[in-house]
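Everything below concerns the one structure shown next.
The values are calculated or read from the model by the stated rules, or taken from the named source; none is laboratory data. These numbers come from a predicted model, not from an experiment. All Cβ positions, glycine included, derive from the backbone under ideal geometry; neighbour counts span all protein chains shown. Heavy atoms of the whole protein, side chains included, go into the accessibility calculation; ligands, DNA and RNA do not. Shrake-Rupley method; radii C 1.70, N 1.55, O 1.52, S 1.80 Å.
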Amino acid sequence: MGHTYAMNELGSMYLDGRGVEKNPERGARFYQAALDRGDIYAMTNLGLAYLDGAGVERDFETAMALFKKASDGGHPSAPNNVGRMYFGGKGVKEDVAKAVEWYRKGAERGDTWAASNLAWVYQNGPKKLRNEKSAALLYGQAVSLDVYGSNAEAAVALKALPDKAKAAAMKQLISELGSVDVELPSDLDQALVELSRLAWQKRNPRFDLF
């Protein structure tokens, strides 16, 4: 009857062989049907199919175009996919600066992976970008945004950072918030995560968008 979410779900089932016989080509066709109706989730799903060559011939240019179009439509994780392509030089010239720009956009949309990818750049990327306080801010944000428990690596990475960097990040967040009306946990990492959550919510008050 034209419900695009159903098309996306069927696409995923056939692509992965979940509950049905695996048929990536048919899965991609379901994504395309949803895409033809302007669905931003289908744009991302089909972009991933083109990126991996799953059910369609691998095509980095098409993947990038779909990710960018999905991002323009407000998809929360599409910017991270664009960032990963720039960071890895997939179909484009490797460009860390552009990757950072797209990771930051995804992090502000509430994507835990975009936040942790950006944190990784600040921790391990080019020397001119390395900044442990920025890494602490982004790993704290990544943990606070990990509502499905899928990004355990962010909490591990946050724990490994020096306390000095985490304390500096907390100081910045408290300044950004102006005041903190909740009792913070005694654990440094947990306190930073809570402050990150409050700061992100203050910057992005419309939960219905995400």
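Some notes on this structure:
- Tabulated pairs, region 9-34, first under 16 Å from Asp52 (Cβ atoms) and among the polar types (S, T, N, Q), second open to solvent by less than 30 Å² (accessible area, probe 1.4 Å) and assigned to a helix (DSSP H, G or I), C-beta under 7 angstrom, 6+ apart or interchain: Ser12/Gly27; Gln32/Leu46
- Listing of helices (runs of 4 or more DSSP H) fully contained in region 1-93 that carry 1 or more residues being of a type in the set (Asp, Glu): 4-16, 24-35, 40-52, 60-72
- Listed by first and then second residue, the pairs linking a residue in region 98-113 that is closer than 19 Å to Tyr148 by Cβ and open to solvent by less than 30 Å² (accessible area, probe 1.4 Å) to a residue that is acidic (Asp, Glu) and outside any helix (DSSP H, G or I), with Cβ atoms under 6 Å apart and 6 or more places separating them unless they lie on different chains, are Thr112/Asp146.
- Members of region 185-195 found to be part of a loop (DSSP other than H, G, I, E, B), of a type outside the set (D, E, K, R) and under 22 Å from Gly149 (Cβ atoms), listed by number: Pro185
- Residue pairs whose Cβ atoms lie under 6 Å apart, separated by 6 or more positions or on different chains, with the first residue in region 57-76 and over 15 Å from Ala28 (Cα atoms) and the second at pLDDT 95 or above and of a type in the set (Asp, Glu), are Pro76/Asp111.
Yes or no, residue by residue, for (1) on the phi > 0 side of the Ramachandran plot; (2) touching a Phe, Trp or Tyr at 6+ places or on another chain (Cβ under 8 Å):
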residue	(1), (2)
Asn23	no, yes
Arg29	no, no
Ala34	no, yes
Gly38	yes, no
Gly47	no, yes
Tyr50	no, yes
Ala54	no, no
Met85	no, yes
Lys93	no, no
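- Taking the criterion of being open to solvent by less than 50 Å² (accessible area, probe 1.4 Å) and under 17 Å from the mean Cα position of the chain (by Cα), the residues of region 47-72 that qualify are Gly47, Leu51, Ala63, Met64, Leu66, Phe67, Ala70, Ser71.
- In region 123-135, of all residues being assigned to a helix (DSSP H, G or I) and more than 19 Å from Lys202 (Cα to Cα), the one that is least open to solvent (accessible area, probe 1.4 Å) corresponds to Ala135.
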